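*Asks:* The following block contains the structure, expressed as structure tokens.
The values are calculated or read from the model by the stated rules, or taken from the named source; none is laboratory data. What you are looking at is a predicted structure, and each value in this text was computed from that prediction instead of being measured. With ideal geometry, Cβ positions are generated from the backbone for all residues, glycine too; neighbour counts draw on all protein chains shown.
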Amino acid sequence: MHTSLRRRAAAAIALTATLLLSGCGLSDFAAQDPEPVATKPTASPTPAFDSQFTRDGTFQSHVDIDGMDFVYTLWPTKSTPRTNLWFPKGNKYFSFTLQAYDLDQDLRDKFSTKRKVWLDRIRVESETTTKSGAVERPYDLDATASRITFDPEPVTTKRGMLITSPKGAFELRNQKIGTLAMDTSGLNLIFRATVHIQRSAGSKTYYKETIRQRVPIAIFASDQETVAAKIPIDAN
């Protein structure tokens, strides 16, 4: 055997011995450092029942009809103020208002330059969302607005009560949502207000509209009752 061939053979034997003594063969690297596997990104969790009322502790919406802004405002009363603790069991209380703003005029303009809006009837229906698919209607209202508003002496005509800002507003307090099915995740309140809108300031002609608004409310799973504050109900 030539000297060069013997040297190559000796080098190969030395390399093999080194790998065996270290305990690290080529196959060991493949086992310990596998190729990365692509994975799908994990989606961010979404709320089971999305609700501005629950998230912010209040709800307000604006419904624009021909430059007249109808503002619904809904909030929890002091009896059950923590909307993140509204559970199926126990009573849950809320209040709401409805008022109209003439956007064709500035807020500080004389009231005589603003169109009048008269609220005739207010109706509120409800519908729950449950895991079982069963539906409850825990709250229902259908009444003449002037007879139930918080103001004992609202300005009224045969068309209803005045709700144009700043001279009039409809307000109803301490409305109760009672105990619900234990698998309830939320409910919707559906508001409908029948109004008569003045065609122009000082006009004797009006047109009739129905102002609609849906308000989602989340209900959280718990065996506890909804937490109630220790204050008189009529203090709200």
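*Asks:* Checking Leu103 against (1) surrounded by fewer than 18 Cβ atoms within 10 Å (Cβ to Cβ); (2) in contact with a His (Cβ under 8 Å, 6 or more places away or on another chain), only one condition comes out false. Which one?
*Replies:* Going through the list (1) surrounded by fewer than 18 Cβ atoms within 10 Å (Cβ to Cβ); (2) in contact with a His (Cβ under 8 Å, 6 or more places away or on another chain), Leu103 breaks only (2).
*Asks:* Let me ask you something else. So which residues in the stretch 157-166 are in contact with a Leu (Cβ under 9 Å, 6 or more places away or on another chain) and in a strand (DSSP E or B), if there are any at all?
*Replies:* Gly160, Met161, Leu162 - these are the residues of the stretch 157-166 that are in contact with a Leu (Cβ under 9 Å, 6 or more places away or on another chain) and in a strand (DSSP E or B).
*Asks:* If you don't mind, another one. Residues of the stretch 91-142 being charged (D, E, K, R) and not in a loop (DSSP other than H, G, I, E, B), which ones?
*Replies:* Lys92, Asp102, Asp120, Arg121, Arg123, Glu125, Glu127, Asp142
*Asks:* In addition: If Pro154 meets every condition in (1) out of contact with any Gly (no Cβ under 9 Å at 6 or more places or on another chain); (2) outside any strand (DSSP E or B); (3) not β-branched (Val, Ile, Thr) apart from one, which number is that one?
*Replies:* Unmet condition: (1).
*Asks:* Sticking with this structure for a sec: Does the stretch 62-81 hold any residues that are in contact (Cβ under 8 Å) with a residue 60 or more places away in the chain, in a strand (DSSP E or B) and in contact with a helix residue (DSSP H, G or I) (Cβ under 9 Å, 6 or more places away or on another chain), and which are they?
*Replies:* Here is the first cut: in the stretch 62-81, the ones in contact (Cβ under 8 Å) with a residue 60 or more places away in the chain are 63, 65-66, 68, 70, 72, 74, 77-81.
Then drop every residue that is not in a strand (DSSP E or B), which leaves 63, 65, 68, 70, 72, 74.
Answer for the stretch 62-81, where residues must be in contact (Cβ under 8 Å) with a residue 60 or more places away in the chain, in a strand (DSSP E or B) and in contact with a helix residue (DSSP H, G or I) (Cβ under 9 Å, 6 or more places away or on another chain): just Leu74.
Quick grid of which residues meet (1) within 15 Å of Ser95 (Cβ to Cβ); (2) within 26 Å of the chain's Cα centre (by Cα):
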{"site": "Asp151", "(1), (2)": "yes, no"}
{"site": "Val155", "(1), (2)": "no, no"}
{"site": "Lys158", "(1), (2)": "no, no"}
{"site": "Asp183", "(1), (2)": "no, yes"}
{"site": "Leu187", "(1), (2)": "no, yes"}
{"site": "Ala193", "(1), (2)": "no, yes"}
{"site": "Gln224", "(1), (2)": "no, yes"}
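*Asks:* Pairs only if they're at least six apart or on different chains, beta carbon under 9 angstrom, first in the stretch 87-110 and farther than 30 Å from Ile217 by Cα and assigned by TED's automatic domain parsing to the domain that holds Leu172, second buried (at least 18 other Cβ atoms within 10 Å of the Cβ) and of a type outside the set (D, E, K, R); list them, first residue then second.
*Replies:* Asp104/Met68; Leu107/Tyr101
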